[in-house]
Every structure is written in structure tokens, then in C-alpha cells.
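A short reminder: the numbers here are calculations on the coordinates, not readings from a lab. Everything numeric in this text was worked out from a predicted model, so none of it was measured. Here the Cβ positions follow ideal geometry from the backbone for every residue, glycine too, while neighbour counts run over all protein chains shown.
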């Protein structure tokens with residue numbers, strides 16, 4: 001009777017196990033593959049890297065999307081002030097500082113911020129493409145701040161080289177070669193009101 005109970009629960013005396021011939025004992029390899037302890041740890045190790053990469057990608061994209069929206073709001077706010085004549089003259093440093101204070105970026109003085117404000121005679125002359133270098137960075141040659149007067153056509157373009165914070169994601173998300181940064185862009189084109 002006790003033999004049946006021991007057999008049911010999988011326990012038996014050591015003397016009984018040692019008395020059996022070696023051929024009937026389970027081999028070490030068979031016992032190893034039959035052992036289910038640690039299975040969860042192995043399964044988690046197999047899915048952990050893809051899972052954490054996905055989590056970090058979602059965080060990186062969310063941060064850059066938020067920065068893009070904040071930059072678009074700052075661009076629209078400054079464009080509105082220029083359109084209504086609230087701001088009439090502005091040099092490049094002042095314009096960059098105005099945008100930077102509205103962005104609330106982590107770096108002081110926004111070193112990766114590039115702005116361009118120009119006046120055009122017609123809407124057809126307003127550029128519709130982003131001036132890029134071969135590596136994907138913005139070509140800021142000739143950028144200036146030249147706001148027009150009343151009833152003129154203006155365009156404000158704002159570029160920011162947003163850093164990617166997760167090292168594993170830099171080569172997969174970066175749009176500027178070799179920098180680990182994403183180029184964020186916002187623009188506003190308008191005709192100034194006929195202010196005095």
C-alpha cells in the first residue's frame with residue numbers, strides 16, 4: 001500500500017532507487033529535459049528584449065511627438081504676433097530666443113534650434129520643401145529674420161534637432177546621420193494684416 005502512495009506522489013526510498021539496475025534509471029539528459037523548473041525565467045528571457053525595445057520605442061516616439069506639437073504651437077503663436085503687427089522688427093537672435101522660451105526644451109539656449117523668417121511677394125514663391133543636406137540635417141545657409149510690414153506675405157520655419165535618449169533606439173529612429181537625433185520641423189505661412 002505504501003509503495004502505491006510513494007509511486008503516486010513520486011517519492012521513493014533512496015535504497016530502493018539504488019537497488020534498481022542502471023538501465024531502468026532515467027538518464028541525466030532525460031531528467032534535465034523533463035524538469036520544468038525555471039521555464040518561466042527562460043521564456044521571459046526570450047521575450048524581454050523585444051518587449052523592452054517596443055516600450056522604449058513607444059516612449060521615444062511619444063516624446064518626439066510631444067516636442068513636435070509644442071514647437072508647432074510656438075511657431076503659430078509667434079506667427080500670430082507677427083501677423084497682427086504686435087511684433088514688427090526682430091533679428092535672428094531675438095526670434096530664436098522667442099521660440100526657445102516657448103519650447104521649454106531641456107537644453108539651455110536651445111543650441112539645436114534653427115529658425116528662418118522671410119517675406120515673399122506672392123504665395124507661389126514660398127518654399128514648399130525642407131532644405132536638407134545629404135546626411136538629413138537642415139541646410140541653414142542663408143537663414144535670416146526679415147519680417148515684412150503690413151499686408152506682406154511671410155513664412156516662419158522652425159527646425160529642432162531632437163535628441164534620442166535611448167541608445168538602442170538611436171540607429172533605428174534617427175533621421176540625421178551619425179548624430180542620434182530626429183529633425184523636427186514646423187512652419188507657418190500667412191499674410192500680415194493691414195496694420196498701421
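For residue 125 and residue 30, compute 0.36 nm times the residue count separating them, minus their Cα-Cα distance, and round to one decimal in nm. Mind dumping the intermediate values first?
On the way: separation 95, 0.36 × 95 = 34.20 nm, distance 7.77 nm.
Taking 0.36 nm per residue and subtracting the Cα distance, the gain is 26.4 nm.
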Alpha carbon centroid spacing (whole Å) that separates region 29-69 from region 141-196: 36 Å
If I model a spin label at residue 63 and residue 168 as a point 7 Å from the Cα along the Cα→Cβ vector, what separation in nanometres do I get? 1.5 nm
Extension gain from residue 196 to residue 94, taking 0.36 nm per residue of separation minus the Cα-Cα distance: 34.5 nm
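Work out the P(r) tail for region 18-172: percent of alpha carbon pairs separated by more than 28 Å, whole number. Could the numbers behind the result be given before it?
Values: 5572 of 11935 pairs.
In whole percent, the share of Cα-Cα pairs in region 18-172 beyond 28 Å is 47.
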